[in-house]
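> Mind having a look at this structure? Questions to follow.
All of the numbers you see were taken from the coordinates with simple rules; none came from a lab. It should be emphasised that the depicted structure is a prediction, and the values quoted were computed from it without experimental measurement. Ideal geometry is used to build each Cβ from the backbone, glycine not excepted, and the neighbour counts take in all protein chains shown.
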Amino acid sequence: MKLENLKPAYGSVKNTKRIGRGTGSGRGGTSTRGHKGAKSRSGYSSKPGFEGGQMPLHRRLPKFGFTNPNRVEFKGINLDALQLIADKIGGSKIDIQVLIENGYVSKSAKVKILGRGEFKSKIEVFANAFTASAAKAIESAGGKAVIV
């Protein structure tokens, strides 16, 4: 067997429809497009969501909900993650810059400390917001929860 002898399997390759090649081709006249209407003409393309003049689905369904333009989106960090950072850096404070350097938040993110997990380090924690349970846990461990 050589490369020049290779052929696709029988029946796997079909000839394409040759359209618009006159009446003798068997597909002459309308060239398989039917009679009249937009779809028979050249340059036709339907809009996305067009349903033939019927009211399209995206217009039949009602508008729903509300987006608050004043919403502040926080990146939540739990106490167990803070404890890992405290063990790793061993410093006296954890601020947003430390969280950025350790890959927990992006530069533009606002940080909220959440109360899941245990916190045993006596460290000052700086963030944009704290939950009540998180602030209580930090202060009971001897640390300080400071809102930036």
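Results for (1) of a type in the set (Asp, Glu); (2) closer than 21 Å to residue 132 by Cβ, shown as yes or no for each residue.
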position	(1), (2)
57	no, no
63	no, no
68	no, no
73	yes, yes
80	yes, yes
84	no, no
87	yes, no
91	no, no
94	no, yes
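> May I ask you to list the residues in region 88-100 that are in contact with a helix residue (DSSP H, G or I) (Cβ under 9 Å, 6 or more places away or on another chain) and assigned to a helix (DSSP H, G or I)?
Across region 88-100, the qualifying residues are 89, 98, 99.
> Another question about this same structure. Considering 45, 108, which residue is closer than 30 Å to residue 20 by Cβ, part of a loop (DSSP other than H, G, I, E, B) and of a type in the set (Gly, Ala, Ser)?
Working: 108 fails: closer than 30 Å to residue 20 by Cβ.
Unique residue meeting the criteria: 45.
> Using beta carbons and a limit of 8 Å, which pairs, at least six apart or on different chains, have the first residue in region 74-96 and surrounded by fewer than 16 Cβ atoms within 10 Å (Cβ to Cβ) and the second one among the acidic types (Asp, Glu)?
Close Cβ pairs satisfying both conditions: 80/118; 92/124; 93/124.
> Identify, by number, the condition in (1) surrounded by 10 or more Cβ atoms within 10 Å (Cβ to Cβ); (2) part of a helix (DSSP H, G or I); (3) among the small types (Gly, Ala, Ser) that residue 24 doesn't meet.
All conditions are met except number (1).
> Restricting attention to region 111-136, which residues are part of a strand (DSSP E or B) and under 28 Å from the mean Cα position of the chain (by Cα)?
If the condition is that a residue be part of a strand (DSSP E or B) and under 28 Å from the mean Cα position of the chain (by Cα), then 111, 112, 113, 114, 127, 129, 130 are the ones that fit.
> Can you pull out every residue in region 93-140 that is within 12 Å of residue 81 (Cβ to Cβ) and polar (S, T, N, Q)?
The one that is within 12 Å of residue 81 (Cβ to Cβ) and polar (S, T, N, Q): 102.
> Just checking, which of 12, 31 is under 40 Å from the mean Cα position of the chain (by Cα), part of a loop (DSSP other than H, G, I, E, B) and without any contact (Cβ under 8 Å) to a residue 24 or more places away in the chain? Lay out the reasoning, then the answer.
Values: 31 fails: under 40 Å from the mean Cα position of the chain (by Cα).
Being under 40 Å from the mean Cα position of the chain (by Cα), part of a loop (DSSP other than H, G, I, E, B) and without any contact (Cβ under 8 Å) to a residue 24 or more places away in the chain holds for just one of 12, 31, which is 12.
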